[in-house]
Structure formats: C-alpha cells, structure tokens
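Enquirer: First the structure, then my questions, so here it is.
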C-alpha cells in the first residue's frame, strides 16, 4: 500500500509532536515544521499529500503560507488549523487554496475523518489523471497508426510486386548460380522491408490476424536458438519457464515479433555482455498490484494473466528515457541504427490483445519488462507449426476471379494461379468484377483486395458477389486493416484472409484451403438475422432522461428487443419508481441513466441515490459524449455499463446483457 504522507506546520511544539505521534500510530508518515520557511524546506525532500497548517506561525499569517504552497505544490491538499476561527478567516483560507478547516481543539476522530477524505480525493484525482494520460497516449498512437498504416498499405502493394516477380525470375534462372545469388540478395532485402511495414502496421490498435489460444512457453522454446543467435556471444540467455502455464489468446507471429524487438533492445544495452533472463509465470492481478499504478495501464481489469518477463543487466534507462520508451520514432540509438518503432510496436501489440505492460529500469543496473496477457479459457492450445519451405504447392483447376486495382499485383496473382493450374478472370475494380460475375457461371472463388477506389470495397463486393452466386467462395487480401474489419456482419470474411505482401506458397495454400473448406453455417446472401429478443421477456429497464423524445426512442428500441421499459424524466421520479419496484413482483432489472439534466439532480446524484437503495443496482450510463471519463472508465464511478446515444439496437442489447451478467 502507498505511504500516506502528512506535513504538520505548527509553532506549538507540544501540540505538533502530539499530533505527529497520533498520526504515526494510525499508519501515516509524518514530518514536522514550526515555521513557513522550514515547511518549504521539508517539502523539497518529503513529498507530502496533505499539509496541516496552523493559521498563526510566530506572528506570521498562515494565509500567506497557504498561497505559497498552492502555487509551488498545486497537488498538495492543505487543511487549516486554528483556535481563532471566524467566518472571514475560513473563507479567506479556502480562497487561498485550503481544502478544509479544523477548529482547535478538535477531536481525533474529526482529524482522522478529514485526512481520510483528503486522501480519497487525492486517489480519485490520481486515477483521473492516469485515465487522461492513457487516453492522450491512445489517441496519439491511433493517429500515428492511421498515418503509418496508410503508408504501409501502399508500400506493401509495391513490395508484393517486387518479391513476386523476383520469385518468378528465380524459378526461370535456377541453373544460373551467379544470377540466383543476386536474386537471393534482392529477396532478402525485400523481406527486410516487409518487416518494417509490419512494424508500421503494428503501431495501429487494430488486430491484423485472428488470435488463438497459445502456450507461449512452446513458442519461446522454439525461439530459443534464434534468440541466442540474435545476441552477442558475451550475452548469456537463461530461461525460467513456469510449469502448467495458462493459455492466452494472442497471435503467434505478432508475439514473436514483439519478443525479438525486446531481445534486440536488450542486446544493444549490453555491448560488453551480460545476462538476458526470459521468465514466464501465472499471475492473478488485483487492485493492489503495481501495474495499476501506471498511466499506461489505466482501466486494468483484475483477473488471471499470463506473465512474460524479460530482464537484462545492461546500461538501463534514466527517468526521461523511460518516460518516452513507448513513443513512436523515439530512439536512443545512433542515426541509422534504429527506427524507434520497436517498443511502440510492442506496446501496440500488448494493448491490442487486452494486455498490460510495465517497465522498470535503473541507469547502470538494467531493465525489466513485464507483460501480462489475459488468460484464455479455451482448453487446448494451437500447435505452433514451424515455417519450413513447402516442397510441393497445392494446385487445382477451379475458376478464380482476381480483383485488384494495383495492376502489377493483379498480373502477378494471375501468373501465380495460372502456374498452379487454375483458370482465371481479372478485374481492376468492383464494378468490372460484378459484370464478370453476372456473365460467367463457372467462377468458384472470388480473390479480392479490400481497399479499392470507388464506393464498393472488397467487403461490399464480397457481399454482392455472394448475393449473385450463393455458393461462391471468398478470399480477401490487404496490407492494411480498416476500422470496419471486425464490425457488423463483415467479420464473416475475416476467417479467410491473406495478408499482403504474399508469396506464391502463401497464396497457393490459402486458395486451396478456402476452396476445400465447408460452407459456413448460414447463407450470407440472406439478410443477417440477429437474435435481438433472446430470452428477455421478463426483464424491465428503467430509462431516466429529461428529454421526452429520447425516452420514447429508448422505449421503442427496448420494446422491439423484447424488454419492458419504464420511463422517468427526472431523478425524483426515477428514485420513486425504482424503490417501489423492489417491493413489487416485477422489480427493475437495470437502469439506463442520462448523465446531464437541465434541472434538479444530475446523473451522478441519481446514481448515488439508486445505489444507496440497492448497492447491487445495475446502472448503465448513457451519453453522447463518449470520450468523457464517466463513459470510458464507467466502472470507476460505480456503473455497470456505458451506452452511446446512437440508438444502435445491437449496442443497447449488448450493454444490457453485459450489465446483467456481470457482478461488480
């Protein structure tokens, strides 16, 4: 538990000492000062959270000290103590920044309750500051991710063309040893460029692949030889992997990329050698854990996690470097030796899969990075298969429609597929593709890029194509994931996806896999049906909003979802309805509560009163301001859910069911 520090400023030595003894027995860390100057000196070394300040100090007005403390230490809460209390003095003290007022002599209970309120206020302020910092970092990462992702998308297209034609040329020059050697050099250089684009894409918070339950111990064991080769011979690599490690749902390739980025940083921090420790363990995290103290991990959820620790005995980092360690393009390496993307990529990867990261470093001692991945409840891990070269590529004779606005990639894919035995049709955009689908009856598979000019994306093309040909198989490809990738009904195409740039072997295997796969349950050419009502006929929802039109709109949506709606236009009506429902045969199961009211109680006051009636009340806060702390960190304010006022029926149902199924 964090030490609660209190500074006592009083020129009465006996009184100050007695107060210090009392607070020390209560577990506080206390320092004494008998003058204003001494108080300022003490605060330079003693980072107090609360100062108890006498209003008169050796004939010096304590109000002046309050003013100085407020300017120099704005986060310090000051409580004024005096035996000369009057209204004007109290008002002036509060005006100069005092948080509270104690009249001497005061009871110890009054003092302790005042300090308790002070430190509760400090805790809330700290949590809000961490949440704001996390939001700022998230917004910055998202903006950079969008920019770099767009660049990487276009770059990937060109790399795909280059590496594809290099592969084709290599096959035709198999007997020319010198030219083959040159081609191999060009291929290796191109693959290094694809690594860079993958790092750029990893800055985004979007998942690029579907995660599966993995045993990271197995992956780390497979990587051990490569890790040892990646560091210098003077660096000793030691493994400490826990037995019976839990599974975690992440993507294997991204995990390996993240580990190698951290290993390379550790290597560079140990130019004269040292030790690199790789450790795994199962970890249950609660609210007292050290991860909760970092703004990087605002909103961390208690629970079971798989912990990965990488420690080095290198040069370490000072506080300023540590503060910027996850910033994109920040690097301490010489020009040309680092991109500054490595740790930003690690941070993006960890956050993408619901994890948390903590870095501890001391200059001249070393660095420890702890990563926490949520435990997966799946019972069986996916086997980590090596990436060895496939001797014979799968072939076929089916008819495939290829769609890509990048002519070079379109031609390359056609060359690949013809060489594999397939019959092909090509289109440069969705309109051409639909025309071909209407004319040709024998097309078995649509292979399309996602990002194309015009109003019809690859996803929309796939939907229209299946409407025309219900039995058509679909394989989509892209080097850049859009925000819509897993939203709405488009997620159905995400199970069959090929990342750019792809090699001939990648395309051959994925095409064959899709063609040989069983049709997905349900036909996508039919309008998607969503079980909106479910089994919620007996559930009653109280809607509290001072806008009558919005209340009626909520009522209409709730009725169509199968819920019973009860409406209230203000806090008094809501409290009466809720209290009465608890005594009836049909109690209110959840409350959808607006945050802002034009008159009367505001949303927080209404929530407090409802929770006072029933501490287990399920309250879903509703607002159009989705970036407010009460929406993004709703659990911190006692809410069971947050709902944007866009009246999306699916979102309403999900918010209600999530609130009803959770225990807070």
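The values are calculated or read from the model by the stated rules, or taken from the named source; none is laboratory data. For clarity, every value in this text was computed on a predicted model and none was experimentally measured. All Cβ positions, glycine included, derive from the backbone under ideal geometry; neighbour counts span all protein chains shown.
Enquirer: Residues of the stretch 113-130 being surrounded by fewer than 14 Cβ atoms within 10 Å (Cβ to Cβ) and touching a residue at least 24 places away in the same chain (Cβ under 8 Å), which ones?
Expert: Scanning the stretch 113-130 gives 125, 129.
Enquirer: Also, I was wondering about something else. Taking residue 583 and the conditions (1) under 19 Å from residue 539 (Cα atoms); (2) touching a strand residue (DSSP E or B) at 6+ places or on another chain (Cβ under 9 Å); (3) at pLDDT below 85, which numbered condition does it fall short on, given that it satisfies the others?
Expert: So residue 583 meets the others, but not (2).
Enquirer: Right, here's the next one. Could you check residue 202 against (1) exposed (fewer than 14 other Cβ atoms within 10 Å of the Cβ); (2) at pLDDT below 75; (3) under 26 Å from residue 270 (Cβ atoms) and say which number it fails?
Expert: (1)
Enquirer: Exactly one condition in (1) under 36 Å from the mean Cα position of the chain (by Cα); (2) loosely packed, with under 15 Cβ neighbours inside 10 Å is not met by residue 458; state its number.
Expert: (2)
Enquirer: Sticking with this structure for a sec: For a quick check of your reading: which helices (runs of 4 or more DSSP H) sit entirely within the stretch 599-664 and have at least 2 residues that are modelled with pLDDT of 85 or more and closer than 18 Å to residue 589 by Cα?
Expert: In the stretch 599-664, the matching helices (runs of 4 or more DSSP H) lie at 603-613, 649-661.
Enquirer: Search the stretch 649-661 for residues that are within 14 Å of residue 540 (Cα to Cα) and pair each with any residue that is in a helix (DSSP H, G or I) when their beta-carbon atoms are under 7 Å apart and the residues are at least 6 apart or on different chains.
Expert: Within 7 Å, the pairs are 652/557; 652/561; 653/561.
Enquirer: Quick check on my filter: what residues within the stretch 404-428 are without any contact (Cβ under 8 Å) to a residue 24 or more places away in the chain, closer than 16 Å to residue 162 by Cα and more than 38 Å from the chain's Cα centre (by Cα)?
Expert: Across the stretch 404-428, the qualifying residues are 411, 414.
Enquirer: Something else: Name every residue in the stretch 396-409 that is surrounded by fewer than 18 Cβ atoms within 10 Å (Cβ to Cβ) and in a helix (DSSP H, G or I), in order of residue number.
Expert: 407, 408
Enquirer: Follow-up. State yes or no: is residue 188 in the same structural domain as residue 303 (by TED's automatic domain parsing) and modelled with pLDDT of 70 or more?
Expert: no
Enquirer: Conditions first: (1) surrounded by fewer than 19 Cβ atoms within 10 Å (Cβ to Cβ); (2) at pLDDT below 70. Residue 464 passes all but one, so which condition is the exception?
Expert: It is condition (2) that residue 464 fails.
Enquirer: Name the one entry in 526, 509, 487 that is modelled with pLDDT of 60 or more and surrounded by fewer than 17 Cβ atoms within 10 Å (Cβ to Cβ).
Expert: 509
Enquirer: Same structure, new question: For the stretch 312-328, which positions are at pLDDT 75 or above and surrounded by 18 or more Cβ atoms within 10 Å (Cβ to Cβ)?
Expert: 312, 313, 314, 315, 316, 317
Enquirer: Look through the stretch 36-95, keep the residues that are modelled with pLDDT under 80 and in contact with a strand residue (DSSP E or B) (Cβ under 6 Å, 6 or more places away or on another chain), and return whichever of them is surrounded by the most Cβ atoms within 10 Å (Cβ to Cβ).
Expert: Among those residues, the one meeting the criterion is 62.
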